[in-house]
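The values are calculated or read from the model by the stated rules, or taken from the named source; none is laboratory data. This structure is a prediction, so every number in the text was calculated from the model and none was measured. Using ideal geometry, Cβ is built from the backbone for each residue, glycine included, and neighbour counts are taken over all protein chains shown. These area figures cover heavy atoms from the full protein model, side chains too; ligands, DNA and RNA do not enter into them. Shrake-Rupley method; radii C 1.70, N 1.55, O 1.52, S 1.80 Å.
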Amino acid sequence: MKIVKAVTPYIHAGHLNFKISPYNAWKKNSGQIAKGYYPWRAFHWAAFRYELPSFMKSDKEARLRFLEPVSLTFDTFPDYLRYEIIPMVWDCWPCYLEKMCAWLKRHEVKTAIFTSSQTAERIRNRFPKMNVLFCPEAVDTSLYSKGENLNDRNIDVLEFGRGSNLFINFNDNTDFNYVRTKVNGKFLFTNEQLYKAMGDAKVTITLPRSCTEPQLAGDIETLTQRYWECMLSRMVMLGHAPKELVDLIGYNPVIEIDNNKVKEQILDILLHIEDYQALADKNRDTALRIGSWNNRMKQVMDWLKKIGYEV
């Protein structure tokens with residue numbers, strides 16, 4: 001029986017790393033851990049582009065690595081050389097599927113975890129003998145405040161993440177108080193300022209990447225942590241809920257967007273904002289109960305034990 005140790009994700013100075021939260025949740029649940037040994041910064045380019053040949057691997061330990069296909073070799077360095085890797089994979093879009101499959105085959109991966117149910121199913125079809133788990137994305141729920149009730153908030157619309165300005169030019173709008181968190185790809189808020197703004201905003205637009213960047217996501221519609229963040233902050237979400245989210249919680253927490261009447265929808269929601277308080281409260285309660293990485297990693301650990309690992 002192999003012991004599974006989770007490896008510390010790489011910390012990019014000044015950047016928020018979403019892989020840290022599941023690692024911390026693993027550690028909080030008394031899962032065993034191992035230090036990450038990443039190359040010196042001057043050699044990052046090589047670790048991203050090239051892979052060293054593996055040699056004799058441990059028959060006592062496996063390493064849980066948190067990764068994206070775009071940085072496969074870097075995210076698993078150097079453990080792919082000496083240990084069985086159990087990859088936990090985010091953002092495995094169709095354009096990365098063949099690269100991912102080649103890597104899984106090359107390293108004889110026996111067990112893998114994907115945050116997209118559609119990707120997990122495609123991997124099962126390609127590798128029928130592999131243990132494959134779909135693990136929906138989650139979030140560190142402690143970071144997000146419930147804020148004031150909707151009627152007492154100061155920001156009408158918060159541009160938060162992808163898709164907020166797809167259907168309406170907010171810059172030319174004077175009908176409601178609109179706050180941007182990013183301009184030309186540059187964040188204007190620190191993490192703490194963002195959390196505060198989310199707790200002070202009434203409405204935000206939430207769309208999966210399959211809607212905002214179909215050229216990348218293709219037909220992969222998946223739940224991301226952004227939905228949990230909005231639910232925890234009790235913002236009214238206008239957009240589209242991924243099927244994964246609806247199936248997981250048993251209802252649709254998002255007001256479906258009409259691409260041709262977005263401004264009218266926003267104005268109507270703001271006019272009747274008190275009518276959405278019950279939904280906002282329900283969404284927060286649901287996210288606290290279901291959207292925590294702490295709960296999700298307990299499920300991962302139970303699954304690994306059932307298939308023969310020690311954690």
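Tabulated data for the structure shown
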item: Top-ranked residue in region 104-132 [being touching a helix residue (DSSP H, G or I) at 6+ places or on another chain (Cβ under 6 Å) and either among the basic types (Lys, Arg) or open to solvent by less than 10 Å² (accessible area, probe 1.4 Å) (or both); ranked as nearest to Trp303 (Cα to Cα)]; result: Phe114
item: Residue in region 256-276 that is open to solvent by 80 Å² or more (accessible area, probe 1.4 Å), closer than 23 Å to Ser116 by Cα, assigned to a strand (DSSP E or B) and not aliphatic (A, V, I, L, M) present; result: yes
item: Members of region 57-72 found to be surrounded by 21 or more Cβ atoms within 10 Å (Cβ to Cβ) and small (Gly, Ala, Ser), listed by number; result: Ala62
item: Residue match in region 122-143 (condition: in contact with a Gly (Cβ under 9 Å, 6 or more places away or on another chain), of a type outside the set (Gly, Ala, Ser) and farther than 23 Å from Thr76 by Cβ); result: yes
item: Positions within region 277-292 being crowded, with 18+ Cβ neighbours inside 10 Å and touching a residue at least 60 places away in the same chain (Cβ under 8 Å), in sequence order; result: Ala280, Arg284, Ala287, Gly291, Ser292
item: Matching option when the condition is of a type outside the set (S, T, N, Q) and open to solvent by 10 Å² or more (accessible area, probe 1.4 Å), among Cys101, Cys95; result: Cys95
item: Single unsatisfied condition, Asp91 versus (1) under 20 Å from Trp293 (Cα atoms); (2) touching a strand residue (DSSP E or B) at 6+ places or on another chain (Cβ under 8 Å); result: (2)
item: Region 16-45, subset part of a loop (DSSP other than H, G, I, E, B) and within 18 Å of Asp91 (Cα to Cα), residue most open to solvent (accessible area, probe 1.4 Å); result: Leu16
item: Single unsatisfied condition, Leu52 versus (1) in a strand (DSSP E or B); (2) in contact with a Pro (Cβ under 8 Å, 6 or more places away or on another chain); result: (1)
item: Hits in region 124-141 (condition: under 30 Å from Leu232 (Cβ atoms) and assigned to a helix (DSSP H, G or I)); result: Thr141
